[in-house]
Amino acid sequence: MTEPVRVAAVDLGATSGRVMSGRITDSRVEINELHRFPNGAVPVRDGLFWDILGIYREVLHGIREVATTGPLHGIGIDSWAIDYGLLDRDGQLLGLPFSHRDVRTDGVAEKVVAEIGAAELYATTGIQQLPFNTLYQLVAARGSAALEAADTMLLLPDLLGFWLTGVAGAERTNASTTQLYDARAGEWAVDLCRRLGLPWSILPPLRDPGSVVGPLLPDVARDLGVTADVPVVAVGSHDTASAVVGVPAATDRFAYISSGTWSLVGLELDQPVLTEQARLADFTNERGVDGTVRFLKNVTGLWVLSECLRSWGDRRLKDVELRSLIATAAEFEPLRTVIDINDRRLLAPSTVADPMPERVAALAREAGELVPHSPVAITRCIVDSLAVAYRRHVRTAADLAGVTLDVVHVVGGGSQNEVLCQLTADACGLPVLAGPVEAAALGNVLVQGRALGADLPDLAAMRSLVRRSYDVRRYEPRGGADWANAEARVR
């Protein structure tokens, strides 16, 4: 590679979005955040929705910022999974996309399982039973005007890519999260859709990460101030798929925790694990880059702490104040209170009528734990409970896949939480390597770079470049706390 590759990496989270400038040379990969904007679902009379037009506006603004700093060779988009927009036959959006936290899917999963059977559903899709999976969202939408008029369903990164290029499709790493994807065949599970009365014809053509979606539409290129030959690249459009690419692993004997609003805890494998034991453990098999499988467990992550801060009126705490709260919690009695951090009652946003701190306290009371009341006690309960969940799921994943682990990599925003990283090492009994923070953006940039000519033939080469470019912090496990007992207390 003689000239650096410069790309725009759009990385969308449920609470904020970022547009990064990415630069790849023979010796380094670098990212620079040029635009960040808040994100969040908007409650309207008839549901909880994403302001997708506002998101698109911010994405365009960020890409323009990247284009002003130098040549632009490509654009890639990753985001959270599951949520989608519906297009009519003219390519027009049929209403705002629902948020997966909307209540319309309450009770739907149970009805589908009663109709199809949990074992058959898992054997086909290999997906964890989450009540808001795309499958259940579509079942909840049966009979609606929007679904009846729909010609195409696009997951959110693909919807944004469609508006940039005019080309519709579904990138596999995200498609595989929907519970509409056949884990063995690597194609849409059309028969499952038919049996549930879903319009399978709305499912768009599948494409692999690293493929070129298409060049920018001429009017979009003019608006961005770039040439129309700039391509949009299908990266690992599920942000966890991109984040796993950005894990700086030097061995294949690693577990990863992509830690943010959600925590994704798992392994990178060559084949899905579709055993009955994996189903009962509620693990998921999602596609990764280069044909890999992300065998993982979705864990309600730092969302719970974020919503507690919002209830306390401190969601906009300065970083130093938040670090002070967490540091104070670190001095609090360890494992005094642990709860099931994956309890469904923690999924919905905090409200005045149903604040998150009171939900945490109620779960503790219900479990017979000491009830936390102060912000420090509740914060300690949350980080301890997260570490307990990480311990359980890292060990379970290794057992189910029949692998031995040497290290746990923590990437994403949670890798900056020193207290949680140390507790994770303690709980798992394994060294934790924390960082990089923006692993999803790095994975996005690396997959784009390879598609645009960078010498990155495989995941090992990509991860080697990350290791040469970014430092990580190592946490060694400490003794003293009875993690096995704490795990046993969480049922």
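The values are calculated or read from the model by the stated rules, or taken from the named source; none is laboratory data. From a predicted model like this one, the values you see are computed outputs, not experimental measurements. So basically every Cβ, Gly included, is an ideal-geometry build from the backbone, and we count neighbours across all protein chains shown. The area values use the complete protein model at the heavy-atom level, side chains included, leaving out ligands, DNA and RNA. Shrake-Rupley method; radii C 1.70, N 1.55, O 1.52, S 1.80 Å.
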- Which ³J(HN,Hα) values, rounded to whole Hz and listed in residue order, are derived for segment 111-125 from phi using the Karplus coefficients 6.51, -1.76 and 1.60 in 6.51 cos²θ - 1.76 cosθ + 1.60 with θ = phi - 60°, glycine and proline given as x? 5, 5, 4, 5, 7, 9, x, 4, 5, 5, 4, 6, 4, 7, 9
- Note on the structure: Distance in nm between L274 and R28 label points, each 7 Å along Cα→Cβ, equals 4.6
- Task: Starting with the highest mean, order 170-183, 88-101 by the number of other Cβ atoms within 10 Å, averaged over the residues of each peptide.
- Result: 170-183, 88-101
- Task: Sticking to Cα atoms, compute the Rg of segment 64-163 to one decimal and its Dmax as the biggest Cα-Cα distance, whole number, in Å.
- Result: 16.9, 56
- Enumerate the calculated ³J(HN,Hα) couplings along segment 403-412 in order (Karplus 6.51 cos²θ - 1.76 cosθ + 1.60, θ = phi - 60°), each rounded to whole Hz, writing x wherever the residue is Gly or Pro. 10, 10, 10, 10, 7, 10, 9, 10, 10, x
- Task: Provide the per-residue ³J(HN,Hα) series for segment 237-249, in order, calculated from phi with Karplus coefficients 6.51, -1.76, 1.60 and θ = phi - 60°, each as a whole number of Hz, with x at glycine and proline positions.
- Result: 6, 6, 4, 5, 4, 5, 4, 5, 4, x, 6, x, 6
- Message: Going by amide H atoms built from the backbone, whose H comes under 5 Å of the H on L216, apart from near neighbours?
- Response: V230, V232
- Message: How are the alpha carbon pair distances in segment 204-256 distributed across 5 Å bins from zero to the largest one, expressed in percent?
- Response: 4, 17, 17, 15, 16, 14, 8, 4, 5, 1
- Task: Multiply the residue gap between W312 and D282 by 0.36 nm, knock off their C-alpha separation, and tell me the result in nm, one decimal place.
- Result: 7.5 nm
- Message: Averaging over every viewing direction, what projected area does the convex hull of the Cα atoms of segment 334-377 cover, in nm²?
- Response: 3.2
- Message: Taking the Cα centroid of segment 21-44 and of segment 55-83, what is the distance between the two, rounded to the nearest whole Å?
- Response: 8
- Task: Multiply the residue gap between D106 and D229 by 0.36 nm, knock off their C-alpha separation, and tell me the result in nm, one decimal place.
- Result: 39.8 nm
- Task: Just grab the label-to-label distance for D88 and A488, each label 7 Å out from Cα along the Cβ direction, in nm (one decimal).
- Result: 6.2
- Packing rank of 127-140, 478-491, 61-74, where each peptide gets the mean count of other beta carbons within 10 Å, highest leading: 127-140, 61-74, 478-491
- Query: Which cross-chain or sequence-distant (5 or more) residues have an amide H under 5 Å from the amide H of G74, H modelled 1.01 Å from N in plane?
  - Reply: A8
- How are the C-alpha pair distances of segment 315-388 spread across 10 Å bins, as whole percents from the shortest bin up? 20, 51, 28, 1
- Note: segment 136-208, point scatterers on Cα, Debye, no solvent; log10 I/I(0) at q = 0.16, 0.24 Å⁻¹ equals -0.56, -1.20
- For segment 220-285, what's the radius of gyration and Dmax over Cα atoms, in angstrom? 17.5, 54
- Message: Tell me the volume per residue, in Å³, of the convex hull enclosing the alpha carbons of segment 256-373.
- Response: 143
- Give the distance, in whole Å, between the Cα centre of segment 134-161 and the Cα centre of segment 252-284. 27
- Could you pull out every residue, at least 5 positions away or on a different chain, whose amide H is within less than 5 Å of the one on S16? Hs are placed 1.01 Å off N in the peptide plane, and Pro or chain starts have none. N39
- Item | Compactness of segment 354-460 as Cα Rg over 2.2 N^0.38 Å, two decimals | 1.41
- Item | Distance (nanometres) between label positions extended 7 Å along Cα→Cβ at R142 and A119 | 2.4
- Whole-percent carbon and sulfur share, accessible surface of the chain, 1.4 Å: 51
- Note on the structure: For segment 95-243, the Cα-Cα pair-distance distribution in 10 Å bins from 0, as whole percents, is 11, 38, 34, 14, 4, 0
- Item | DSSP bridge orientation in the chain - percent antiparallel, rounded to nearest 5 | 75
- Task: Give the distance, in whole Å, between the Cα centre of segment 320-398 and the Cα centre of segment 458-491.
- Result: 20
- Item | Mean Cβ neighbour count within 10 Å, used as a protection proxy, ranking 408-418, 42-52, 19-29 highest first | 408-418, 19-29, 42-52
